[in-house]
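Visitor: The following block contains the structure, expressed as structure tokens.
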Amino acid sequence: AASTPLRNRISVGGSIIDSPIWSDLWSTLLSLNAKIVYINLNGEENLIEAEEFIKKGIKKEKILIKEISIDKKEVNFFVKRMVRVNFDYPVFNLACAINENNENCRIFVTGIKSLYKRLENIERIFENEKKFTENVKNEIEKIELEFHDDFKGSGEYKKQVLKAYLGDGLKELTGDMS
């Protein structure tokens, strides 16, 4: 969402540490269950899952991000971002990854009042039913997330757009475009 000169200067490690609300990075890393290798002030190298990295507040420590790894397995994946125009900071980012058998579903949203939210209820139902069903649709309607009201829209409007994006994305993953 930045200009070309900025994109050429911005690092992945800096985006992890700063966690800008507009970054596409966190929802993607979380949904793919990425691992982060960092070096602390004592020179010790540590490996941790992205979600644990956030939960433990490690990004607030003085560290150096050395590496990000994602398992090389077959996954179906989508990222959706709400923007007004192509060259705009996203209002929110939504990412979902699921293996080829529609198992191990991971759905994350960033750009909300908290840094991120995992949509575990929808993951569980989707994994059990293996496709987009009325139960999945009903659970999507129950989503309660807090968005900031701003010039890009009310929090309620953003939540409704997120629900539509999530439904469309899950249908795309399963090939159900009805």
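Visitor: Condition check: exposed (fewer than 14 other Cβ atoms within 10 Å of the Cβ), outside any loop (DSSP other than H, G, I, E, B) and touching a helix residue (DSSP H, G or I) at 6+ places or on another chain (Cβ under 6 Å). Does Asn128 satisfy that?
Guide: Working: exposed (fewer than 14 other Cβ atoms within 10 Å of the Cβ): yes; outside any loop (DSSP other than H, G, I, E, B): yes; touching a helix residue (DSSP H, G or I) at 6+ places or on another chain (Cβ under 6 Å): no.
No; evaluated as a whole, the condition is false for this residue.
Visitor: Now for a different question. Name, by its number, the condition in (1) at pLDDT 80 or above; (2) open to solvent by 70 Å² or more (accessible area, probe 1.4 Å); (3) among the aromatic types (Phe, Trp, Tyr) that does not hold for Tyr38.
Guide: (2)
Visitor: May I pose another question? Could you tell me whether any residue of segment 166-173 is over 20 Å from Ala97 (Cβ atoms), modelled with pLDDT of 90 or more and out of contact with any helix residue (DSSP H, G or I) (no Cβ under 9 Å at 6 or more places or on another chain)?
Guide: Our first condition is that a residue be over 20 Å from Ala97 (Cβ atoms); within segment 166-173, this holds for none.
Looking for residues that are over 20 Å from Ala97 (Cβ atoms), modelled with pLDDT of 90 or more and out of contact with any helix residue (DSSP H, G or I) (no Cβ under 9 Å at 6 or more places or on another chain), one finds none in segment 166-173, hence no.
Visitor: Also: Mind counting the residues in segment 13-36 that are among the aliphatic types (A, V, I, L, M), out of contact with any helix residue (DSSP H, G or I) (no Cβ under 7 Å at 6 or more places or on another chain) and either in a helix (DSSP H, G or I) or more than 13 Å from Ala50 (Cβ to Cβ) (or both)?
Guide: Final tally of qualifying residues: 1.
Visitor: May I pose another question? Can you work out which of the residues in segment 1-18 that are closer than 19 Å to Asp88 by Cβ and open to solvent by less than 50 Å² (accessible area, probe 1.4 Å) is modelled with the lowest pLDDT?
Guide: Ala1
Visitor: When only residues in segment 100-118 that are on the phi > 0 side of the Ramachandran plot and surrounded by fewer than 20 Cβ atoms within 10 Å (Cβ to Cβ) count, which is farthest from the chain's Cα centre (by Cα)?
Guide: Filtering first and then ranking leaves Asn102.
Visitor: Cβ-Cβ distance below 7 Å, separation of 6 or more or different chains: which pairs start in segment 35-49 with a residue that is in contact (Cβ under 8 Å) with a residue 12 or more places away in the chain and end on one that is basic (Lys, Arg) and part of a loop (DSSP other than H, G, I, E, B)?
Guide: If the second residue must be basic (Lys, Arg) and part of a loop (DSSP other than H, G, I, E, B), the pairs left are Leu41/Lys62.
Visitor: How about segment 140-151: which of its residues are open to solvent by 30 Å² or more (accessible area, probe 1.4 Å) and either under 14 Å from Leu166 (Cα atoms) or part of a loop (DSSP other than H, G, I, E, B) (or both)? It would help to see each step written out before you state the result.
Guide: Here is the first cut: in segment 140-151, the ones open to solvent by 30 Å² or more (accessible area, probe 1.4 Å) are 141-142, 144, 146, 148-151.
Correct list: Glu141, Lys142, Glu144, Glu146, His148, Asp149, Phe151.
Visitor: Pick from Asp176, Asp168: which is assigned to a loop (DSSP other than H, G, I, E, B), among the acidic types (Asp, Glu) and surrounded by fewer than 17 Cβ atoms within 10 Å (Cβ to Cβ)?
Guide: Just a single option satisfies the conditions, and that option is Asp176.
Visitor: Look through segment 81-97, keep the residues that are at pLDDT below 90 and open to solvent by less than 60 Å² (accessible area, probe 1.4 Å), and return whichever of them is nearest to Asn33 (Cα to Cα). Spell out how you get there, then give the answer.
Guide: Kept after step one, since they are at pLDDT below 90, are these residues of segment 81-97: 81-92.
The next check asks that each one be open to solvent by less than 60 Å² (accessible area, probe 1.4 Å); those that pass are 82-83, 88, 90-92.
On the way: Met82: 22, Val83: 25, Asp88: 27, Pro90: 22, Val91: 23, Phe92: 19 Å.
Per the stated criteria, the residue is Phe92.
The values are calculated or read from the model by the stated rules, or taken from the named source; none is laboratory data. Here the structure is a predicted model, which means the values were calculated and not measured. Counting neighbours? That spans all protein chains shown, and the Cβs are built from the backbone with ideal geometry, glycine included. Ligands, DNA and RNA are stripped out before the accessible areas are found, and what is left, the full protein with its side chains, is counted by its heavy atoms. Shrake-Rupley method; radii C 1.70, N 1.55, O 1.52, S 1.80 Å.
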